[in-house]
1. So which residues in the stretch 176-196 are in a helix (DSSP H, G or I) and within 16 Å of the ligand (Cβ to nearest atom)?
2. What are the residue pairs meeting all of these: first residue in the stretch 82-97, first residue within 24 Å of Val55 (Cβ to Cβ), second residue part of a helix (DSSP H, G or I), Cβ atoms under 6 Å, and 6 or more apart or on different chains?
3. Report, by residue number, each residue of the stretch 15-43 that is part of a loop (DSSP other than H, G, I, E, B) and modelled with pLDDT of 95 or more.
4. State which residue is surrounded by the fewest Cβ atoms within 10 Å (Cβ to Cβ) when the search covers only the stretch 163-175 and only residues that are within 16 Å of the ligand (Cβ to nearest atom) and over 29 Å from the mean Cα position of the chain (by Cα).
5. Working carefully through the options Thr27, Thr13, find the one that is closer than 25 Å to Ile312 by Cβ and out of contact with any helix residue (DSSP H, G or I) (no Cβ under 9 Å at 6 or more places or on another chain).
6. What number goes with the only condition from (1) surrounded by fewer than 22 Cβ atoms within 10 Å (Cβ to Cβ); (2) in a loop (DSSP other than H, G, I, E, B); (3) within 14 Å of the ligand (Cβ to nearest atom); (4) at negative phi that Leu57 does not pass?
Amino acid sequence: MSEIRTRFAPSPTGYLHLGGLRTALYTYLFARKNKGTFILRIEDTDQEREVPGAVELIYQSMREAGLTYDEGPDVGGDYGPYIQTQRRDLYLPWAMKLLETGAAYPCFCTREELQERRDAATARGEQFKYDKHCLHIPRDEAKRRMESGEPFVIRQNIPQTGTASFEDALFGHVEAPCDTLDDNVLIKADGLPTYNFANVVDDHLMGITHVMRGTEYLSSTPKYNLLYEAFGWQPPTYVHLPVVMKDATRKLSKRYGDPSFEDLLAQGYVKEAIINFIALLGWCPKEEREFFTLPELVDAFELEGLSKSPAIFNMEKLVWFNSEYIKRMPFEEYLRRATPWFEQALAGRGVDYRRLAELMHSRTEVFNRVPEMVRFLAELPPYELELYTHKKMKTDPETSLRALLLARPALAGLADFSEEPLKVCLMGLAEEQGLKTGQMMWPVRVAISGLANTPGGATEIAYLLGRDETLRRIDIGIARLQGQA
Ligand code: GLU
């Protein structure tokens with residue numbers, strides 16, 4: 001069998017969306033698994049849709065995702081250029097070959113003429129399809145008009161009868177009656193090819209053996225196969241991947257504010273978690289297993305595991321994967337990654353980030369949730385006095401006030417305000433005064449955090465806050481419980 005060559009062929013129309021990332025990932029996995037070649041090709045022939053900077057963003061996202069390509073615009077290769085606008089001159093000669101055999105024809109209809117016919121079709125309640133008007137222009141005349149500089153496009157000449165078909169590795173035999181297919185433009189008036197033509201020519205010239213792309217191309221691929229036939233080329237193996245849905249009703253889409261890969265990274269998702277999660281959106285490993293590194297995915301990937309039904313992007317599942325990856329992260333890495341998020345809420349407060357990181361590591365689901373979780377260390381949140389009542393801890397406002405009044409001078413006089421002495425002090429005090437541990441720790445924690453749930457308990461928080469702030473918050477608690485504030 002010849003070497004496997006696959007390509008990811010994004011159009012530079014914005015950020016790499018997650019459906020695109022999944023296509024890139026599967027294509028990469030398939031190539032690596034089969035010791036093949038993975039190629040990046042930029043499909044920028046629709047210049048109106050191009051977004052400045054999008055090509056660089058694609059390179060960046062691919063790099064960040066770890067999807068290294070063997071050939072591509074910024075890495076070179078023997079089949080370049082890998083950007084379609086840089087290949088612009090090579091498409092027309094191929095289209096001319098189709099003109100010679102009659103598989104394509106030049107069309108001189110103007111935009112206005114086409115619009116008139118489109119409107120007329122709409123008025124008749126019909127779907128507009130190009131009516132092969134220019135197919136009937138005698139060849140000599142067409143040639144003369146083309147040479148005279150009159151604007152023209154080149155259209156594919158779809159047979160009027162019969163069917164066009166192809167075999168898909170996932171969807172099997174796919175066919176369409178030819179009379180439902182439109183004579184697509186292959187070369188536009190500006191000389192650039194459309195996607196319809198460029199994908200065929202480039203996949204052939206680049207020796208692509210396997211094409212993976214979204215199911216939105218399933219219905220046009222029979223037409224592409226007619227082009228392969230017209231050229232006498234061997235078509236690649238097609239694998240059309242079902243769409244990624246946001247929910248049962250709509251596709252995942254940037255337009256609705258669904259995040260791109262870059263957005264997720266910026267929100268503090270871990271790239272390995274994103275990749276792991278994306279890999280399972282429409283592919284199921286043979287063994288029952290959820291966690292995969294990229295090399296493990298390469299080993300496990302098989303086309304047989306792909307699903308034909310749309311995959312649903314379950315955000316909670318991604319959050320879960322992410323929290324698992326964060327838990328498994330070495331502590332030093334967690335500290336490094338969490339620090340800028342701590343800074344957002346706590347800059348200049350002198351909080352011991354290393355200690356805070358120890359308390360936060362197992363509780364962090366996504367990094368962008370960290371500032372909210374630690375903000376109470378910068379500012380005491382408003383809280384209801386009911387928080388002092390806790391059945392299990394056997395506390396109520398009255399016992400709480402007593403505990404705080406006892407804790408206040410003890411903490412003020414504590415020589416060393418670090419965790420162990422804090423703990424010894426508060427526990428000792430509770431015992432001495434006939435209070436249960438919870439009856440001391442709960443009110444102190446409420447007074448200094450204002451929260452029912454915190455990373456760490458009373459002593460950890462007191463240490464992180466430091467003496468002055470701890471005492472200030474206890475004073476506030478006392479005043480409120482005494483009904484003075
Ligand atoms: N440029 C196309 C897209 O971004 C790629 C389709 C294909 O892979 O053939 O959707």
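The values are calculated or read from the model by the stated rules, or taken from the named source; none is laboratory data. The shown structure was predicted, so the numbers you read here are calculated from the model rather than taken from an experiment. Reconstructed Cβ throughout: ideal geometry from the backbone, glycine too, with neighbour counts over all protein chains shown.
1. Correct list: Tyr195, Asn196.
2. Gln84/Ala198; Tyr91/Val201
3. We begin by selecting, within the stretch 15-43, every residue part of a loop (DSSP other than H, G, I, E, B); these are 15-17, 34-36, 41, 43.
Those that are part of a loop (DSSP other than H, G, I, E, B) and modelled with pLDDT of 95 or more: Asn34, Lys35, Gly36, Arg41, Glu43.
4. So, considering only residues that are within 16 Å of the ligand (Cβ to nearest atom) and over 29 Å from the mean Cα position of the chain (by Cα), the one surrounded by the fewest Cβ atoms within 10 Å (Cβ to Cβ) is Val174.
5. Just a single option satisfies the conditions, and that option is Thr27.
6. Among (1) surrounded by fewer than 22 Cβ atoms within 10 Å (Cβ to Cβ); (2) in a loop (DSSP other than H, G, I, E, B); (3) within 14 Å of the ligand (Cβ to nearest atom); (4) at negative phi, Leu57 violates only (2).
Every residue, every condition in (1) within 16 Å of the ligand (Cβ to nearest atom); (2) out of contact with any Lys or Arg (no Cβ under 8 Å at 6 or more places or on another chain); (3) more than 19 Å from Phe152 (Cβ to Cβ), yes or no:
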residue	(1), (2), (3)
Glu43	yes, yes, yes
Asp78	no, yes, yes
Arg87	yes, yes, yes
Arg111	no, yes, no
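Every residue, every condition in (1) over 20 Å from His390 (Cα atoms); (2) modelled with pLDDT under 95; (3) in contact with a helix residue (DSSP H, G or I) (Cβ under 8 Å, 6 or more places away or on another chain), yes or no:
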| site | (1), (2), (3) |
| --- | --- |
| Arg408 | yes, no, yes |
| Leu426 | no, no, yes |
| Val446 | no, no, yes |
| Asp468 | yes, no, no |
| Leu471 | yes, no, yes |
